[in-house]
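Worksheet: the structure to be examined is printed underneath.
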Amino acid sequence: MIVVIDYNVGNVRSVCNAFGHIGCDVRLSCDPSEIEEAAGLVLPGVAAFGYAVRALGSLAELIKKAAMGGKPLLGICVGHQLLFEQSSEYGLHEGLGLIRGKVVPIPAGQRVPHMGWNLVKMADDMDLFAGLGNEKHFYFAHSFYTDVTDCDAKIAYTDYGFNLPAAVQKGNIYGTQFHPEKSGDVGLRVLENFAGICNPPSPRLRRTKRRTKRC
Amino acid sequence: MLTKRIIPCLDVKDGRVVKGVHFLNLRDAGDPVELGARYSDEGADELVFLDITATIRSRKTIVELVEKVAEKVFIPFTVGGGVRMVEQIDELLRCGAEKVSVNTAAVENPGLLTEAARRFGNQCIVLAIDARRSKRQGGKWQVCVKAGTEPTDIDVVEWAVKAEKLGAGEILLTSMNADGTRRGYDIELTRAVADAVNIPVIASGGAGTLEHLYDAIVDGRADAVLIASITHFGKYTIKQIKQYLKDRGIPMNL
């Protein structure tokens with residue numbers, strides 16, 4: 001089961017709907033025991049960073065512990081930004097610090113918010129983008145972006161007058177600045193890939209399949 | 001590169017789409033959920049649902065509608081009409097809307113924009129402006145409220161600039177003079193606002209041909225165009241629109 005963290009911010013319903021649509025066992029929850037038992041966690045977010053941090057409260061430590069223990073974690077939009085160390089949106093706020101980097105305003109010269117469908121150049125070794133080709137459009141809606149300084153993180157970029165990190169992966173921790181749940185069929189494929197990471201087919205099943213194929 | 005957006009607008013009254021939409025093969029041409037899903041499948045970049053009754057009763061209907069649309073449609077959609085309080089914005093976002101538009105309430109209480117932006121981020125707060133050419137002040141536009149029925153003394157460009165500072169993340173700019181004429185968007189108005197603010201501007205009102213959309217984007221500098229009758233009545237498909245604009249050099253998600 002995938003648990004979408006319910007922490008009183010907008011957008012939670014659409015994330016659940018999207019996972020439900022692709023046939024995933026998904027639950028919206030803030031129950032610590034369900035979070036601990038989940039195969040994977042999703043941290044959504046339509047909120048200002050500071051509000052999201054306050055709303056997350058004590059769940060932050062729980063999520064951090066789960067992610068550091070190897071549980072797949074996907075942050076979306078502000079949830080993606082929360083994975084980093086710090087944000088300067090409406091004052092300075094500490095994030096979860098799972099990935100090194102800061103959340104900073106989009107530089108002058110472009111319209112802000114960065115709103116709409118932008119082309120993401122996908123690094124082919126990023127698990128979220130498996131089977132999606134080299135580049136696809138995804139839906140963005142944000143005014144701040146993540147300045148990633150973590151050498152261990154893989155990054156996919158989009159062009160917004162500069163190279164804007166559109167998605168990151170550091171081990172079992174994933175983040176998308178865009179909204180996969182609002183990016184049509186391509187976005188649903190990204191969520192399917194995350195579901196596959198959370199619930200890989202068991203080795204036994206795989207063996208059975210292979211055997212069946214050989215026969 | 002960020003693409004320009006094509007946004008069909010569905011006017012909803014008592015939970016049904018009005019203005020008539022003439023798609024083929026629809027079981028029910030007035031069902032907002034089915035129409036939204038159809039536009040999404042056709043390649044629309046976003047959708048706008050406007051509750052044009054906006055009564056206390058219809059508010060409940062629109063929340064139910066948002067829930068149903070969010071179960072079927074996996075592209076962003078904005079909901080507006082009669083939104084007056086932060087709690088209403090919260091409810092609509094939680095049910096699955098990506099953005100909420102405010103109009104009259106923001107004019108009466110500009111602090112609403114700030115309060116909402118601080119809580120939800122400005123990217124989900126759309127300011128809808130109904131603009132009418134002022135007869136008294138030549139060449140200027142005045143803000144109209146209450147579904148365009150009440151003109152104010154507020155200048156459209158000044159209001160747009162102020163609203164951006166207060167927390168609006170996008171402007172849905174409707175020319176009341178052009179709306180329904182199918183003679184093209186008010187390019188002068190669109191450009192005046194698009195040049196004055198740094199947030200995205202959606203041009204609305206007057207689209208009749210594909211060239212009108214091109215003009216709004218290139219000459220009006222709009223980031224997105226709202227369309228209604230041009231596709232509702234089957235004159236063009238979203239794909240035809242996008243192909244035309246792409247062929248003329250405009251970045252499209254096609």
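The values are calculated or read from the model by the stated rules, or taken from the named source; none is laboratory data. Quick caveat: nothing in here was measured; it's all calculated off a predicted structure. All Cβ positions, glycine included, derive from the backbone under ideal geometry; neighbour counts span all protein chains shown.
Being modelled with pLDDT of 90 or more, of a type in the set (S, T, N, Q) and surrounded by fewer than 22 Cβ atoms within 10 Å (Cβ to Cβ) is the filter here; which residues of region B:1-55 pass it?
Within region B:1-55, just B:Thr3 meets the criteria.
Can you tell me which residue within region A:173-185, out of those that are over 10 Å from A:Phe140 (Cα atoms) and assigned to a helix (DSSP H, G or I), is nearest to the chain's Cα centre (by Cα)?
Ranking the candidates gives A:Glu181 first.
From the list A:Gly175, A:Gly171, exactly one residue is surrounded by fewer than 18 Cβ atoms within 10 Å (Cβ to Cβ) and small (Gly, Ala, Ser). Which is it?
Every option except A:Gly171 fails the conditions.
Hey, could you check region B:168-192 for residues that are surrounded by fewer than 24 Cβ atoms within 10 Å (Cβ to Cβ) and in contact with a strand residue (DSSP E or B) (Cβ under 7 Å, 6 or more places away or on another chain) and say which is nearest to B:Pro8 (Cα to Cα)?
Within region B:168-192, the match that is nearest to B:Pro8 (Cα to Cα) is B:Met176.
Kindly check whether there is at least one residue in region A:19-37 that is buried (at least 18 other Cβ atoms within 10 Å of the Cβ), in contact with a strand residue (DSSP E or B) (Cβ under 7 Å, 6 or more places away or on another chain) and among the hydroxyl-bearing types (Ser, Thr, Tyr).
no
So the check is Cβ under 7 Å with 6+ separation or different chains; which pairs have a first residue in region A:170-189 that's among the acidic types (Asp, Glu) and a second one that's assigned to a helix (DSSP H, G or I)?
Partner pairs satisfying both residue conditions: A:Glu181/A:Ser14; A:Glu181/A:Val15; A:Glu181/A:Ala18; A:Glu181/A:Gly187; A:Glu181/A:Leu191.
Of these, B:Ala116, B:Ala131, which one is out of contact with any Phe, Trp or Tyr (no Cβ under 8 Å at 6 or more places or on another chain) and aliphatic (A, V, I, L, M)?
Answer to the check: B:Ala116.
From B:Gln88, B:Gln123, grab the single residue that is surrounded by 15 or more Cβ atoms within 10 Å (Cβ to Cβ), over 18 Å from A:Ser143 (Cα atoms) and not acidic (Asp, Glu).
Selected residue: B:Gln88, the only one of B:Gln88, B:Gln123 that is surrounded by 15 or more Cβ atoms within 10 Å (Cβ to Cβ), over 18 Å from A:Ser143 (Cα atoms) and not acidic (Asp, Glu).
So which pairs qualify, if the first residue must be in region A:140-163 and over 15 Å from A:Gly175 (Cα atoms), the second must be among the small types (Gly, Ala, Ser), the Cβ gap must be under 9 Å, and the two must be at least 6 apart or on different chains?
A:Ser143/B:Gly121; A:Ser143/B:Gly169; A:Gly161/A:Gly109; A:Phe162/A:Gly109
Show the residue pairs meeting these rules: Cβ distance below 6 Å; 6+ apart or different chains; first residue within region B:37-66 and within 11 Å of another protein chain (Cβ to nearest Cβ); second residue of a type in the set (D, E, K, R) and buried (at least 18 other Cβ atoms within 10 Å of the Cβ).
Filtered contacts from region B:37-66: B:Asp45/B:Arg5; B:Glu46/B:Arg5.
Take residues that are under 14 Å from the mean Cα position of the chain (by Cα) and not small (Gly, Ala, Ser) and tell me which of the strands (runs of 3 or more DSSP E) falling wholly in region B:147-254 contain 3 or more.
B:170-175, B:224-227
Just give me the residues in region B:144-167 being in contact with a strand residue (DSSP E or B) (Cβ under 9 Å, 6 or more places away or on another chain), charged (D, E, K, R) and within 14 Å of chain A (Cβ to nearest Cβ), in sequence order.
B:Glu164, the sole residue that qualifies.
Could you check region A:1-76 for strands (runs of 3 or more DSSP E) lying wholly inside it with 1 or more residues that are within 14 Å of chain B (Cβ to nearest Cβ)?
Strands (runs of 3 or more DSSP E) meeting the threshold: A:2-5, A:26-29, A:73-76.
Kindly indicate whether any position in region B:224-239 is free of Cβ contacts under 8 Å to residues at least 24 places away in the same chain and closer than 24 Å to B:Val17 by Cα.
Yes, region B:224-239 contains at least one residue that is free of Cβ contacts under 8 Å to residues at least 24 places away in the same chain and closer than 24 Å to B:Val17 by Cα.
Does B:Val161 fit the bill of being surrounded by fewer than 23 Cβ atoms within 10 Å (Cβ to Cβ) and under 14 Å from A:Arg111 (Cα atoms)?
yes
What is the residue count in region B:130-153 for residues that are of a type in the set (Val, Ile, Thr) and in contact with a Cys (Cβ under 9 Å, 6 or more places away or on another chain)?
Final tally of qualifying residues: 1.
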